[in-house]
Amino acid sequence: MWIIVAYYTKNTYYEEYVEKLRLSLKKLSLPYDLVGIENKGDWYANMQYKPVFLSKALQKHSPKSIIYVDCDAVFCRYPTLFDKLDGLPNVNVAVHLLDHSKYRRKQHLPELLSGTIFLKNTDTTKKIVNEWISECKKNSKLWDQIALANILKRYRYHLLPEEYCVIFDYMGSVKDPVIKHFQASREARQREVLVQCIFRRKLVELALGREQIVLEYDVQAFFSKDTKVIKYNYIVLLLGFQGDYV
């Protein structure tokens, strides 16, 4: 038996993504537990909460296996592989290893993705998750999947096929995906960079006694779920504009 779990920060645009996930799960009659959490302060802190959340989920749903997905995921069809993995005694953790040579980044090394994770509810899995938590504590800016990759070097783990962790705008050649990810965390990082740029420029304007800048944003509204997606090239433009004063 297994259950799908995910978490999201409350009162943010992540709620829009999690509702899409919820609808896809209901459509396929899949068991799930989607949990809202309070904002931990920044993107890194919210992201590094993942192994803590999984530790709690393993305890909460014991003895069921846990299928973790990021809240920006949607299920496109029934994940039959999870039934198989759940019945294999030698499987504890399964993740996808992205082969960039098949896509645009030909020179990029294979990358472990933590957007979809199968976790058998075993002592070995719990040990892996606890070590993952400790690894994240070593560096508050360490990406959670890099921390997990560091830990899994010491363990045997199963590989999920690419259909189970499809990045929507990068892995377009994957046919008939099971789980598709829409990269909400990428948007979150872009928003944080843009807010930092706006704050820095405002401080410089005040220090130089210049007029109030044209770009006016309410920071709370900027991070609200009603805010439209900020395009990457617009952030680059602002970075360059801010650079005129530094």
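The values are calculated or read from the model by the stated rules, or taken from the named source; none is laboratory data. Please read these numbers as outputs of a predicted model, since none were measured by experiment. In this analysis, Cβ positions are derived from the backbone assuming ideal geometry, glycine residues included, and neighbour counts consider all displayed protein chains.
For the structure I just gave you, tell me whether Ser134 is of a type outside the set (D, E, K, R), surrounded by fewer than 20 Cβ atoms within 10 Å (Cβ to Cβ), under 17 Å from Val52 (Cα atoms) and assigned by TED's automatic domain parsing to the domain that holds Tyr8. Outline the logic, then answer.
Working: of a type outside the set (D, E, K, R): yes; surrounded by fewer than 20 Cβ atoms within 10 Å (Cβ to Cβ): yes; under 17 Å from Val52 (Cα atoms): yes; assigned by TED's automatic domain parsing to the domain that holds Tyr8: yes.
Spelling it out, Ser134 is indeed of a type outside the set (D, E, K, R), surrounded by fewer than 20 Cβ atoms within 10 Å (Cβ to Cβ), under 17 Å from Val52 (Cα atoms) and assigned by TED's automatic domain parsing to the domain that holds Tyr8.
Being farther than 22 Å from Val166 by Cα, in contact with a Lys or Arg (Cβ under 8 Å, 6 or more places away or on another chain) and either in the same structural domain as Val174 (by TED's automatic domain parsing) or in a helix (DSSP H, G or I) (or both) is not true of Asn139. Looking across the range 23-75 at every residue that is among the small types (Gly, Ala, Ser) and assigned to a loop (DSSP other than H, G, I, E, B), the one that is farthest from Gln145 (Cα to Cα) is identified as Ser29.
Contact map, the range 63-86: first residue in the same structural domain as Tyr32 (by TED's automatic domain parsing), second residue surrounded by fewer than 21 Cβ atoms within 10 Å (Cβ to Cβ) and among the hydroxyl-bearing types (Ser, Thr, Tyr), Cβ cut-off under 6 Å, separation 6 or more or different chains; pairs are Val74/Ser24; Phe75/Ser24.
The C-beta contact set for the range 21-39 (first residue of a type outside the set (D, E, K, R), second residue at pLDDT 95 or above and exposed (fewer than 15 other Cβ atoms within 10 Å of the Cβ), distance under 6 angstrom, 6+ apart or interchain) comprises Leu28/Tyr78.
Is one or more of the residues making up the range 116-130 within 17 Å of the chain's Cα centre (by Cα) and part of a helix (DSSP H, G or I)? Talk me through it step by step, then tell me what you get.
We begin by selecting, within the range 116-130, every residue within 17 Å of the chain's Cα centre (by Cα); these are 116-119, 129.
Restricting the remaining residues to those that are part of a helix (DSSP H, G or I) gives 129.
Yes, that holds for at least one residue.
Filtered by the rule that a residue be surrounded by 14 or more Cβ atoms within 10 Å (Cβ to Cβ) and at pLDDT 90 or above, the range 173-187 gives Pro177, Val178, Ile179, Lys180, His181. In the range 1-20, of all residues being in contact (Cβ under 8 Å) with a residue 40 or more places away in the chain, in contact with a helix residue (DSSP H, G or I) (Cβ under 7 Å, 6 or more places away or on another chain) and part of a strand (DSSP E or B), the one that is nearest to Asn92 (Cα to Cα) corresponds to Trp2.
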